[in-house]
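The values are calculated or read from the model by the stated rules, or taken from the named source; none is laboratory data. All values reported here derive from a predicted model rather than from experimental measurement. Don't worry about glycine lacking a Cβ; one is built from the backbone with ideal geometry, like all the others, and counts go over all protein chains shown.
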Amino acid sequence: MSAINTDLYELTMAAGYFCARKTDEVATFELSVRRLPKNRNFLVAAGLEQAVEFLLNFKFLPQEIDYLRSLAQFKNTPPEFFDFLAALRFTGDVFAVPEGTPVFANEPLAIIRAPLVEAQIVETYLLSTFAFQTSIASKAARCLIAAEGRSIVEFGSRRAHSPAAGVLAARAAYLAGCAGTSNTEAGMRFDIPVFGTAAHSWTMAFPTEEESFRTLQRLLGESTVFLLDTYDTMEGARLAARLGPPVWGVRLDSGDLGALSREVRRILDSAGLRDAKIFASNDLNEDRLAELVRSGAPIDAFGVGTELATSADAPSVSAVYKLVELKRGTALQYTAKFSDEKSTLPGAKQIYRYPDCDMIALYSECNSDFKGQPLLRPIIAHGDLLEPLPPLEKSRSTAMSAVAALPEEIHSLERTITYPVEISTRLLNLAESLRAEVQALSS
């Protein structure tokens, strides 16, 4: 987790700030999502734990500084800048919404207030970890809505965009409410329940399907899940029924899952295996889950892989990290962008959540003026963690409860519903005043 894991221009700007003697200026940046993907009515905030870990351990190693010295872009940089980097640590403040909180467009997920160089360099890492995990948690929430109470296991590590992405996708999916993951490293690192038994290759590695099933059953006992469709799904189901307990259940991984699950259920029940579960996978997403649930398919749990671990229909979110305040000594300057379709609002903000809407206000506005629940909370002060972050289980509970509490229409998988997010009068007035100042200076 290296400080050099950032875009080059963050470092060239840092060198420029150093040369311009701007290192004592304190910047406030806000990280938000500019717009929701067209098929998302809400997002589930995730990634704070990794962001905090990065900031608390932020430093440049000697070999990294040597590498920067070797780059042509730094040939005119004074050597004192590299000494400055060697001593650099994150000494700022962080405010953030708790992981698992539903959020909407243009609402800050996090606010970073720190000396300008510190706040600038960390932009790339923070955008990456918040945006990726938020996109996966949001996809998982949609899948869980579609499953209507049936368990979902995250199955997508082998299709994730990297091994590291697979581990964090498992974390984000579990945070949103999935029952667990197939990724063993994620299970160890984050104490997530892990699931999985055998692949088709297991069955093919034995002379007969029956021998493969019996060997698996001796190994796993009550945790046994027979994969039925290596050769003939119905024959596999009848074999599982003959073998009987101990068994957790069976898995379907191809074909018409609805029709197959009904016939498999009949076979298992006829053999007295009414407690045996049916687990289904095979390129599932929220639409296919909803279709299976609506059809009454007797499937007890689902494995969702590629579509979940990559958030396939919306693999990225338009996360941005924008300067909203700059303090020079005691003078505070508000900053904002006013370009078409990419404008921002000035000033550090707070989000107040009401039962039927959100209000975005300036952080400096009096809390007593707003009766909603303030969402942004202090996390780091002067470079130190204020209190331990909630355990993942608690964040998971937060996510599941908060998503369930959203208005029912926001849960729609088909319709785009815009949740009302209002802007305080004072914030709107500040933005208009700043816009007028910028226009006057440029005219």
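Here is how the numbers come out for the structure above:
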read-out: Sole residue being of a type in the set (S, T, N, Q), farther than 18 Å from T124 by Cβ and either out of contact with any Leu (no Cβ under 7 Å at 6 or more places or on another chain) or surrounded by 15 or more Cβ atoms within 10 Å (Cβ to Cβ) (or both), chosen from T77, T12; value: T77
read-out: Residue check, F81 within 28 Å of T330 (Cα to Cα), assigned to a helix (DSSP H, G or I) and at pLDDT 95 or above; value: yes
read-out: So L427, is it assigned by TED's automatic domain parsing to the domain that holds M359, at pLDDT 95 or above, of a type in the set (A, V, I, L, M, F, W, C) and surrounded by 15 or more Cβ atoms within 10 Å (Cβ to Cβ); value: yes
read-out: The stretch 187-211: number of residues that are out of contact with any strand residue (DSSP E or B) (no Cβ under 8 Å at 6 or more places or on another chain) and in a helix (DSSP H, G or I); value: 8
read-out: Considering residues of the stretch 176-226 that are of a type in the set (S, T, N, Q), closer than 26 Å to P163 by Cβ and free of Cβ contacts under 8 Å to residues at least 60 places away in the same chain only, the residue surrounded by the fewest Cβ atoms within 10 Å (Cβ to Cβ); value: S201
read-out: Restricting the stretch 301-333 to residues that are at pLDDT 95 or above and hydroxyl-bearing (S, T, Y), the residue that is farthest from R265 (Cα to Cα); value: Y321
read-out: Any hit, the stretch 59-70, residues being of a type outside the set (S, T, N, Q), under 21 Å from the mean Cα position of the chain (by Cα), assigned by TED's automatic domain parsing to the domain that holds S401 and over 24 Å from T335 (Cβ atoms); value: no
read-out: Flag for A290 being of a type outside the set (K, R), surrounded by 13 or more Cβ atoms within 10 Å (Cβ to Cβ), farther than 30 Å from F42 by Cβ and modelled with pLDDT of 95 or more; value: no
read-out: Failed condition for R328, given (1) closer than 18 Å to A119 by Cα; (2) surrounded by 13 or more Cβ atoms within 10 Å (Cβ to Cβ); value: (2)
read-out: T124 free of Cβ contacts under 8 Å to residues at least 60 places away in the same chain, more than 30 Å from E235 (Cβ to Cβ) and of a type in the set (S, T, Y); value: no
read-out: Hits in the stretch 88-110 (condition: under 17 Å from E49 (Cβ atoms) and touching a strand residue (DSSP E or B) at 6+ places or on another chain (Cβ under 7 Å)); value: F90, V94, F95, A96, V97, P98, G100, V103, L109, A110
read-out: Every residue from the stretch 50-64 that is closer than 15 Å to R171 by Cβ and surrounded by fewer than 16 Cβ atoms within 10 Å (Cβ to Cβ); value: E53
read-out: Within the stretch 84-120, considering residues that are in a loop (DSSP other than H, G, I, E, B) and of a type in the set (F, W, Y), the one nearest to G177 (Cα to Cα); value: F104
read-out: Odd one out for A141 among (1) touching a Ser or Thr at 6+ places or on another chain (Cβ under 9 Å); (2) in a helix (DSSP H, G or I); value: (1)
read-out: Residue list for the stretch 398-408, restricted to those being in a helix (DSSP H, G or I) and in contact (Cβ under 8 Å) with a residue 40 or more places away in the chain; value: T398, A399, M400, A402, V403
read-out: T230 hydroxyl-bearing (S, T, Y), more than 30 Å from P315 (Cα to Cα) and in a helix (DSSP H, G or I); value: no
read-out: Condition check for T233: modelled with pLDDT of 95 or more, in contact with a strand residue (DSSP E or B) (Cβ under 9 Å, 6 or more places away or on another chain), surrounded by 22 or more Cβ atoms within 10 Å (Cβ to Cβ) and assigned by TED's automatic domain parsing to the domain that holds R265; value: no
read-out: Residue that is surrounded by the most Cβ atoms within 10 Å (Cβ to Cβ) [pool: residues in the stretch 345-387 that are among the hydroxyl-bearing types (S, T, Y) and over 23 Å from the mean Cα position of the chain (by Cα)]; value: Y363
read-out: Selection count, the stretch 146-164, where residues are crowded, with 19+ Cβ neighbours inside 10 Å, assigned to a helix (DSSP H, G or I) and either out of contact with any strand residue (DSSP E or B) (no Cβ under 7 Å at 6 or more places or on another chain) or not assigned by TED's automatic domain parsing to the domain that holds D253 (or both); value: 2
read-out: Unmet requirement for A240, which otherwise passes all of (1) crowded, with 20+ Cβ neighbours inside 10 Å; (2) without any contact (Cβ under 8 Å) to a residue 12 or more places away in the chain; value: (2)
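Matching residues to (1) assigned by TED's automatic domain parsing to the domain that holds Y17; (2) not in a strand (DSSP E or B):
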| site | (1), (2) |
| --- | --- |
| G303 | no, no |
| E325 | yes, no |
| S339 | yes, yes |
| S343 | yes, yes |
| A361 | yes, no |
